[in-house]
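The structure appears below as structure tokens.
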Amino acid sequence: MSVKLGVPSKGRLMEKTFEWFGERGITLSRTGSDREYAGAVEGIGNVELVLLSAGEIPRELAAGRIHLGVTGTDLIREKLGQWEQQVEELAELGFGHADLIIAVPACWVDVDTLDDLDAVAAAFRAKHGFRLRIATKYHRLVREFLRDQGVADYQLVDSQGATEGTVKNETAEAVADITSTGDTLRANHLKILSDGLMLKSQATLFRSRRTTGDESERRTVKELCRLLRVD
Amino acid sequence: MPERAMIRAEAARLRALFEAEGAQVVETSILQPAEVLLDLYGEDIRGRAYVTSDALRGEQMLRPDFTVPVVQMHMAYGAAPARYTYAGEVFRRQEDDADRANEYLQVGYEVFDREAPAAADAEVFSRIAGALNGLNLRAATGDIGILMAAVEGLQTSAARKAALRRHIWRPRRFRALIDRYSGRTPVPPSREALLAAGDPFAAGAPEIGLRSRAEIEARIATLREDAATPSLSVKEVGLLDAILSVRETLPYALEHLRDIAVDMPAISRAVERLAARMEALSARGVDVALLDFEASYGRSSMEYYDGFVFGFYAEARPDLPPVATGGRYDALTRVLGQGAAIPAVGGVLRPGLMLELGGGE
């Protein structure tokens, strides 16, 4: 059996990943037509490239269906309980930087900290009859963070895209999302809470701890790690 | 790990025991409407309970405990005084510890009684302790009512007391509030700047979202009032800390709390309730001289429990969760009954753990 390497299937994340491997003598490339998700690996034998959505890579690693995978730390921590026991972090790749933050409307001049958010949540619930809504796709990370911080009277509403627009559309009062420059937040009249940083994420190479694998597969993973200088 | 059939038989035995002691057997649905639980516990419940849904009824939760449905049932159909017992599965999401069961049997005993709360507390504790007899467990007890009384008695504004009351069960935020109200942590610079600003809205950010300008202005007014409220005195904070650090056997804890009550008379009634409970426990044959009492016990794990709280632990097995827990949850009945509170106290046992520890007959 060959060793499977999972890489994000499109966009900058894929290109940067290809570059990172290329700088270390492993050439990754897409094969076939533009629309076909097939790839090739040169510079080491017996390694197969699997192109996947970055959001599915955590699950595939946890299931042991891929041996190695590149995805964001945010996705690993959101999707895998006890993630350290399921995957090993081999190397941070130095791109795909993003912070998971909480942002509120810039016009909320009275809110700067989680303490403010908590107090506003209590008043909001009393006034509107429902709990203040925070739009996010990072349900687990946000819930755990707010529980640890002792913030109450909020609810999470699911938002898989265009999260920054939910406040203006009045489907949420605040958002919890990843941001790299904060430009999109500012453009949507939102500001980041000063103590609302939940996680600093970047593209990271992970190894699955779940692959059963035979001796030759283990040797190949070891050799690949040596070539990538992450052993 | 004992077999499922054995655990089920043990649960039936325990329920029959409580039934023989006068409790009425009740059943509740496994699927519970999510709305009620979300309303009570907020988003945190999603981390502890399994949520499922269909297009007709919306979100449902797999019963995370019996307390809520039993209280609802009692409030709809029951008449006090009433005693209930039940046995069945509860389901708990375990995302951080694969060794903790996500489905297990629970047997409960609940008392709804408007008279003699101390006697009802003692009754529940001694019935649970009786069922656990021979397992060599350590009992932990506490009383959240004392901390609540202390908060009510603070020399500070109603707004500050309400904020502290809201976070009684979130020790970390409670501590942060105390530190701020007492001046131990400085006012954040952003808050100072806001209160010093001539026109807080000068930056002219567009108004978006449901929270209106009037709500923002109201909060700024609240913050101004808060800034003008004198700090909690060092003495009061010291007394709160003294209460929270009480941890000894019950008779000594009671003496210690009576000493504190001299300087903080607001807790006197709560402390006398503790004294009455100690007598009632003693009258039921509990050796109170050996019973541990910890004033902060149950604060982080037993939301809405607002008086007597207890748990039974296998000290030789620190890996196991408590074998039994319980307490008084008048606050829960108040929220569920929208004002129509019923004094209630109860406890649950885990027959699976009891068998694992060598119990059963």
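Structure above, values below:
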{"quantity": "Under 5 Å, built H, 5+ apart or other chain: amide partners of A:VAL50", "calculated": "A:LEU5, A:GLY6, A:VAL7"}
{"quantity": "Residue with peak Gaussian network fluctuation, chain B [Cα springs, cutoff 10 Å], from B:LEU31, B:LEU240, B:LEU56", "calculated": "B:LEU56"}
{"quantity": "Greater than 21 Å apart at Cα, pairs in A:LYS127/A:LYS191; A:LYS4/A:LYS222; A:LYS10/A:LYS191; A:LYS16/A:LYS79; A:LYS137/A:LYS191; A:LYS137/A:LYS168", "calculated": "A:LYS127/A:LYS191; A:LYS10/A:LYS191; A:LYS16/A:LYS79"}
{"quantity": "The stretch B:170-177 - phi-based ³J(HN,Hα) in whole Hz, Karplus 6.51/-1.76/1.60, Gly and Pro as x", "calculated": "10, x, 5, 5, 4, 5, 4, 5"}
{"quantity": "A:CYS225, A:CYS107 arranged by Cβ crowding within 10 Å, fewest neighbours leading", "calculated": "A:CYS225, A:CYS107"}
{"quantity": "Radius 14 Å from Cβ of B:ALA140, net charge of other residues (Lys, Arg +1; Asp, Glu -1)", "calculated": "-2"}
{"quantity": "Calculated on alpha-carbon atoms, Rg and Dmax of the stretch A:98-200 in Å", "calculated": "12.2, 35"}
{"quantity": "Most mobile listed residue (B:ALA295, B:ALA176, B:ALA214) in chain B, GNM with C-alpha springs under 10 Å", "calculated": "B:ALA214"}
{"quantity": "Rounded tilt (10° steps) of A:215-228 against the dominant C-alpha axis of chain A", "calculated": "70"}
{"quantity": "Debye-sum result for the stretch B:1-100 in log10 I(q)/I(0), which assumes one identical scatterer on each alpha carbon, at q = 0.17, 0.24 Å⁻¹", "calculated": "-0.93, -1.24"}
{"quantity": "Convex hull projection area averaged over all views, chain B, Cα basis, nm²", "calculated": "21.6"}
{"quantity": "Contour excess over end-to-end distance, with Cα ends at B:ALA340 and B:ASP287 and 0.36 nm allotted per residue", "calculated": "15.5 nm"}
{"quantity": "Mean separation of Cα contacts under 8 Å (6+ apart) over length of chain A, as relative contact order %", "calculated": "29"}
{"quantity": "Value of relative contact order over chain B, rounded to a whole percent, pairs C-alpha under 8 Å and six or more apart", "calculated": "24"}
{"quantity": "Whole-number percent relative contact order across the stretch A:1-84, with pairs defined as alpha carbons under 8 Å at least 6 apart", "calculated": "35"}
{"quantity": "Nearest-ten-degree value, helix A:139-149 long axis tilted from longest Cα axis of chain A", "calculated": "50"}
{"quantity": "Shape category assigned to the protein assembly as shown from the gyration tensor of Cα positions, a/c cut at 1.5", "calculated": "oblate"}
{"quantity": "Ranking of A:PHE145, B:PHE112, B:PHE125 by count of other Cβ atoms within 10 Å, fewest first", "calculated": "A:PHE145, B:PHE112, B:PHE125"}
{"quantity": "Residue-wise HN-Hα coupling along the stretch B:298-313, computed from phi with Karplus coefficients 6.51, -1.76, 1.60 (Hz; x: Gly, Pro)", "calculated": "x, 5, 8, 10, 10, 4, 6, 7, 10, x, 4, 9, 8, x, 10, 10"}
{"quantity": "Computed label-point distance, nm, for sites A:SER180 and A:HIS128 using a 7 Å Cα→Cβ extension", "calculated": "3.2"}
{"quantity": "Sites matching GluC sites (Glu not before Pro) across the stretch A:141-231 that sit in DSSP coil, with at most 12 neighbouring C-beta atoms within 10 Å", "calculated": "A:GLU170"}
{"quantity": "Linear extension gain, B:ALA162 paired with B:GLU89, 0.36 nm per residue minus alpha-carbon span", "calculated": "22.6 nm"}
{"quantity": "Structure-based [θ]222 nm, chain A - -39500 (n - 2.57) summed over DSSP H runs of at least 4, per residue, nearest 500", "calculated": "-9500 deg cm²/dmol"}
{"quantity": "Low-density loop cleavage sites - GluC sites (Glu not before Pro) in the stretch A:18-54, where at most 15 other Cβ are within 10 Å (DSSP)", "calculated": "A:GLU36"}
{"quantity": "Karplus-derived HN-Hα couplings along the stretch B:64-69 (A = 6.51, B = -1.76, C = 1.60, θ = phi - 60°), whole Hz, x at Gly and Pro", "calculated": "x, 7, 8, 4, 4, x"}
{"quantity": "Surrounding net charge for A:GLU56, when Lys and Arg each add one and Asp and Glu each subtract one, Cβ distance under 12 Å", "calculated": "+2"}
{"quantity": "10 °C / 1.306 mPa s Stokes-Einstein diffusion coefficient of the stretch B:62-103, Kirkwood radius on C-alpha pairs, µm²/s", "calculated": "130"}
{"quantity": "Largest-first ellipsoid semi-axes for the stretch B:156-233, taking √(5λ) over the Cα gyration tensor eigenvalues, angstrom", "calculated": "25, 16, 12"}
{"quantity": "For A:SER2, distant residues with modelled amide H under 5 Å away", "calculated": "none"}
{"quantity": "Per-pair calculated FRET efficiency, R0 = 41 Å: B:ALA101 and B:ALA221 via Cβ, rounded to 0.05", "calculated": "0.25"}
{"quantity": "Summed side-chain charge close to B:LEU281 - residues other than B:LEU281 whose Cβ falls under 11 Å, Lys, Arg +1, Asp, Glu -1", "calculated": "-2"}
{"quantity": "Residue order, fewest to most beta carbons within 10 Å, for A:LYS168, A:LYS191", "calculated": "A:LYS168, A:LYS191"}
{"quantity": "Estimated [θ] at 222 nm from DSSP helical runs (n ≥ 4, -39500 (n - 2.57)) normalised by residues in chain B, nearest 500", "calculated": "-13500 deg cm²/dmol"}
{"quantity": "Filtered trypsin sites (Lys or Arg not before Pro), the stretch B:44-104: DSSP coil and at most 15 other beta carbons within 10 Å", "calculated": "B:ARG57, B:ARG100"}
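Rule-based calculations on the coordinates, nothing more; no lab input. Predicted, not measured: the structure shown is a model, and the values here were computed from it. Ideal geometry is used to build each Cβ from the backbone, glycine not excepted, and the neighbour counts take in all protein chains shown.
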